[in-house]
1. Tell me, what ³J(HN,Hα) does each residue in the range 208-215 have, in order and in whole Hz, if you take phi through Karplus 6.51 cos²θ - 1.76 cosθ + 1.60 with θ = phi - 60° and put x for Gly and Pro?
2. If you plug each phi of the range 280-297 into the Karplus form 6.51 cos²θ - 1.76 cosθ + 1.60 with θ = phi - 60°, what whole-Hz ³J(HN,Hα) values come out, in order, with x for Gly and Pro?
3. Using mean Cβ contacts within 10 Å as the protection proxy, how do 279-286, 42-49, 267-274 order, highest first?
4. Taking amide hydrogens as modeled 1.01 Å from N in the peptide plane, which residues meet the under 5 Å criterion relative to Leu211, leaving out close sequence neighbours?
5. Which of Val165, Val203 comes first, and how do the rest follow, when ranked by fewest Cβ neighbours within 10 Å?
6. Please compute the net charge surrounding Leu127, taking Lys and Arg as +1 and Asp and Glu as -1 over other residues with Cβ under 11 Å from its Cβ.
Amino acid sequence: MSIELSRGATKRRLALTGVLGALLLGGCATTTPTPPDHRLDEAWLERASDCCRGLATLPSSPLAGRDERTLRFGPETPVHRFDTGPSPFHAMALPRGMGPLRLELISRVQRDDQGQLSLFAPLVLLLDETGVIQRRFDWQDFTYQSARGLNDDRLYLSLGVTPSVRTDRLVVLTSDAARAAESELLHPARAQARARHLAEPAVVDPVAPHLASGEVSLRVRPLGESDGLLAPLLGTGGAETVTTRTESFATMPREVAPDDPAPLDWRRLMRAALQAGDIELAMQLAERAERAGDEEARAWLAERLQAR
């Protein structure tokens, strides 16, 4: 299930089910908890000193080709005054020589001890080696995943990247515009009624303010491991197999025939990226295939894009 909204939207409807639904229905189910005080949230952020002169000087931690971590945002996190406003951030260097990677980011709806809901609305940047923004994903670009079992409702983003000079670092932050918005949550009673095609009850939908404090889960995997589409090509070696092939391609003469087995591997990578719906990654792979000797890679990809 996903919810599509325009970039100018200031509210996002989310369906809360499972554990969150049980919590809202129990006790004071007909009242909406008092939202967190934005003034307290903004106070520590405004007092925080700017850690850096610009994007090129953001302190970064290294990411591995297979990595999982929780990014915590709050008074203990470095703060920079971005063009989109002051924000705590996490900057991470992407691993070179790993081939295509799948990055998955999850921001869950939070509930504190007083029952107050909140949400960290992420802004994701991909920087080149000099700190120039190459790709940007606002919180509206995230999709919704419904609660299942003990998993809370969340915003989810999945993207493919190939670490290189042009894709060197990942930065996760928030923005003034995101913090000025809020997420209107679909009451669990409404969700149940809609699922059963019944009349919706007259209940008040809860609202989750967007704060500068929160958590985002990050998962990094080789593209084949993440979506399973490249497993037949990569085998159990995962990204290391791609790295080895890439290094060998670089030493090949430009007159390698298009039907050579090595370029065929690149085309299978491009085909898998297209199946995953990641056209940008497919184009990056086509460029690398051409550098490796497959001079028809872009034309091959263009034909398949026209046929979609």
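1. 10, x, 8, 10, 7, 9, x, 9
2. 4, 5, 4, 5, 4, 5, 5, 4, 5, 5, 5, 5, 7, x, 8, 6, 9, 4
3. On the way: 279-286: 20.1, 42-49: 13.2, 267-274: 21.8.
Packing proxy ranking, top to bottom: 267-274, 279-286, 42-49.
4. Leu119, Phe120, Ala121
5. Val165, Val203
6. Local net charge: +1.
Each reported figure results from applying straightforward, stated rules to the coordinates on display, with no laboratory input. Not measured: the values here are computed from a predicted model. Methodologically, a virtual Cβ is constructed for each residue, glycine included, from the backbone with ideal geometry; neighbour enumeration extends over all protein chains shown.
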